[in-house]
Amino acid sequence: LDGAVIDADSLTSSKIPTVRGQSEPNSRVRVTVDGFDSQTVHANSEGVWSALIFGLNDGVHRVVASAIDQAGNQGIASAPYQFTLDTSAPSAPGIDNIQPDGGSSDSDGIIGSDSIVVSGHAEPLSTLSVKLGSLGSSQIIVPNNGQWSINFNQIPDGVYVLDANTIDVAGNLAS
């Protein structure tokens with residue numbers, strides 16, 4: 001199964017995933033989704049076929065394929081392939097703390113060091129990218145507890161904007 005990214009993880013954010021498979025060359029392939037016939041497609045001379053799946057809601061789905069050869073003989077149905085459709089964007093990540101804080105209060109944004117630790121929260125297992133102005137960014141996988149921290153070192157004096165974003169495991173970008 002393929003779409004935005006459906007492979008070993010069996011996840012996609014594509015609203016119209018593509019099912020791909022291999023069967024007897026030049027056969028017809030009946031594709032069934034969640035127990036309902038979706039469509040019949042034709043395999044090419046090498047037996048490769050693909051089908052776009054429309055009208056799915058977010059959640060777990062099962063696809064089964066069965067081939068019908070040119071003589072009309074129906075083959076054994078494939079084992080069900082289960083995948084999860086997730087089109088929902090994760091919540092935006094939060095920046096909760098910057099240490100060390102060298103200013104007169106915890107919220108003035110003044111740092112008295114050339115090294116900082118930025119910490120916050122985000123969807124567990126999402127890919128987090130934190131950018132420190134024009135100095136570059138750092139990327140991590142958010143731990144299972146949703147709490148993260150990233151170190152930035154050798155920061156020259158100046159004014160910087162921190163920007164954080166996440167992409168969940170299905171490929172959805174936080175809004």
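Annotations for the structure displayed:
- Residue count for the stretch 115-137 under the criterion of being in a loop (DSSP other than H, G, I, E, B), open to solvent by less than 80 Å² (accessible area, probe 1.4 Å) and within 18 Å of residue 92 (Cβ to Cβ): the result is 4.
- Filter result (out of contact with any Ser or Thr (no Cβ under 6 Å at 6 or more places or on another chain) and among the hydroxyl-bearing types (Ser, Thr, Tyr)) within the stretch 85-103: 88, 91
- Restricting 45, 50, 38 to residues that are modelled with pLDDT of 95 or more and either farther than 30 Å from residue 146 by Cα or open to solvent by less than 60 Å² (accessible area, probe 1.4 Å) (or both) narrows the list to 45.
- Residue among 21, 59, 94 that alone is open to solvent by less than 40 Å² (accessible area, probe 1.4 Å), closer than 30 Å to residue 130 by Cβ and of a type outside the set (Phe, Trp, Tyr): 94
- When residues of the stretch 138-162 are limited to those that are within 20 Å of the chain's Cα centre (by Cα) and not hydrophobic (A, V, I, L, M, F, W, C), the one nearest to residue 89 (Cα to Cα): 146
- Qualifying residue in the stretch 41-60 (condition: out of contact with any helix residue (DSSP H, G or I) (no Cβ under 8 Å at 6 or more places or on another chain) and closer than 30 Å to residue 120 by Cβ): yes
The values are calculated or read from the model by the stated rules, or taken from the named source; none is laboratory data. What you see is a predicted model; the values in this text were computed from it and never measured. Because the Cβ atoms are built from the backbone with ideal geometry, glycine has one as well, and the counts that use them run over all protein chains shown. Surface areas here come from the heavy atoms of the whole protein model, side chains and all, with no ligands, DNA or RNA. Shrake-Rupley method; radii C 1.70, N 1.55, O 1.52, S 1.80 Å.
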